[in-house]
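Down below is the structure, laid out as structure tokens.
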Amino acid sequence: MEVIDKLSIIQQQIAEVCHKVNRDPAEIKIIGVTKYVSNDRTIEAFNAGITHLGENREEGLLAKWDLLKDKPTWHFIGSLQTRKVKNILDKVSFIHSLDRQSLAKEINKRAAGPVSCFVQVNTSNEESKHGLPPHSAIEFVKELAKYPYIQVVGLMTMAPFTDNQGEIRDCFRALKDIQMEIKKLDLKHAPCTELSMGMSNDFEIAIEEGATYIRVGTALVGE
Ligand SMILES: *Cc1c(COP(=O)(O)O)cnc(C)c1O
């Protein structure tokens with residue numbers, strides 16, 4: 001199926017969930033995750049109107065970036081090694097995986113201006129997943145004040161891969177709860193207005209729970 005057809009199915013699904021929970025579909029941005037697909041398919045996705053693209057590895061990001069340069073808004077969604085920051089920083093508009101002080105320090109050091117970051121939280125408490133444990137997320141965000149170029153635009157999480165919808169929903173709710181706590185603090189460096197959550201299998205639940213960026217690969221561009 002062409003990307004444009006898959007996109008229209010997903011937009012329909014988004015419209016339906018939004019209607020159900022009384023949200024405006026315009027609040028939800030779709031990040032097309034192109035990590036599984038070819039160069040041609042990536043260009044097709046952009047031409048279909050997907051202007052936010054995401055990659056989870058440095059190599060993939062650099063390769064896909066070359067195709068479309070700065071026309072799309074690029075998101076780095078994977079775990080980021082500190083030594084790789086300098087290679088991607090001028091190419092991406094958002095980093096979704098800020099989860100440690102050393103990474104914040106490096107981003108701040110290499111940045112030429114404010115960098116929009118999502119703090120990644122491991123709401124499922126699965127050991128295999130990256131991100132901060134929920135109980136330390138707020139303290140972590142507070143401490144980021146010492147890095148003038150770090151802007152915490154929001155929080156990011158990955159739900160467990162499971163059929164148990166309740167378990168998935170709990171993860172998204174946990175992220176929303178932390179976001180509310182951070183917003184209450186009214187921190188200049190952490191407006192924290194965004195929630196990056198929801199993938200092919202669970203974006204509808206994520207939207208019900210307040211997602212503003214969903215990261216969709218398989219359902220949108222294919223495997
Ligand atoms: C691969 C990936 C996605 C997209 O996953 P799909 O299930 O294919 O939609 C989203 N977020 C992150 C962090 C990923 O690594």
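The values are calculated or read from the model by the stated rules, or taken from the named source; none is laboratory data. Only a predicted model underlies this, so the values are computations on that prediction, with no experimental measurement involved. Glycine gets a Cβ as well: all are built from the backbone with ideal geometry, and neighbour counts include every protein chain shown. Side chains are part of the model used for accessible areas, which takes the heavy atoms of the whole protein and leaves out ligands, DNA and RNA. Shrake-Rupley method; radii C 1.70, N 1.55, O 1.52, S 1.80 Å.
Taken together, VAL115, VAL85 contain a single residue that is open to solvent by less than 30 Å² (accessible area, probe 1.4 Å), farther than 17 Å from ALA190 by Cα and among the β-branched types (Val, Ile, Thr), which is VAL85.
How about region 200-223: which of its residues are within 20 Å of GLY166 (Cα to Cα), surrounded by fewer than 19 Cβ atoms within 10 Å (Cβ to Cβ), near the ligand (Cβ under 9 Å from one of its atoms) and touching a residue at least 24 places away in the same chain (Cβ under 8 Å)? Of everything in region 200-223, just one residue is within 20 Å of GLY166 (Cα to Cα), surrounded by fewer than 19 Cβ atoms within 10 Å (Cβ to Cβ), near the ligand (Cβ under 9 Å from one of its atoms) and touching a residue at least 24 places away in the same chain (Cβ under 8 Å), namely ASN201. Restricting attention to region 122-137, does a residue exist that is within 17 Å of the chain's Cα centre (by Cα) and charged (D, E, K, R)? Yes, some residue in region 122-137 is within 17 Å of the chain's Cα centre (by Cα) and charged (D, E, K, R). Quick one: count up the residues across region 175-199 that are assigned to a helix (DSSP H, G or I), away from the ligand (no atom under 15 Å from the Cβ) and open to solvent by less than 10 Å² (accessible area, probe 1.4 Å). Of the residues in that region, 2 qualify. Here are LEU53, LEU80, LEU62, LEU67: which of them is aliphatic (A, V, I, L, M), open to solvent by 50 Å² or more (accessible area, probe 1.4 Å) and closer than 25 Å to ILE150 by Cβ? Being aliphatic (A, V, I, L, M), open to solvent by 50 Å² or more (accessible area, probe 1.4 Å) and closer than 25 Å to ILE150 by Cβ holds for just one of LEU53, LEU80, LEU62, LEU67, which is LEU62.
Assess whether PHE161 counts as being open to solvent by 50 Å² or more (accessible area, probe 1.4 Å) and among the aromatic types (Phe, Trp, Tyr). Judged against the criteria, PHE161 is a match.
When you look at TRP74, is it surrounded by 15 or more Cβ atoms within 10 Å (Cβ to Cβ), more than 17 Å from the chain's Cα centre (by Cα) and under 30 Å from GLY113 (Cα atoms), yes or no? So TRP74 does not fit the description; no. The C-beta contact set for region 13-42 (first residue basic (Lys, Arg), second residue within 16 Å of the ligand (Cβ to nearest atom) and open to solvent by 40 Å² or more (accessible area, probe 1.4 Å), distance under 8 angstrom, 6+ apart or interchain) comprises LYS35/ASN56; LYS35/ARG57. Just give me the residues in region 3-46 being open to solvent by less than 70 Å² (accessible area, probe 1.4 Å) and either part of a strand (DSSP E or B) or in contact with a Ser or Thr (Cβ under 8 Å, 6 or more places away or on another chain) (or both), in sequence order. Within region 3-46, ILE28, LYS29, ILE30, ILE31, GLY32, VAL33, THR34, ARG41, THR42, ALA45 meet the criteria. Could you grab me the full set of residues in region 109-157 that are among the aromatic types (Phe, Trp, Tyr) and in a loop (DSSP other than H, G, I, E, B)? Hits for region 109-157 are TYR147, TYR149.
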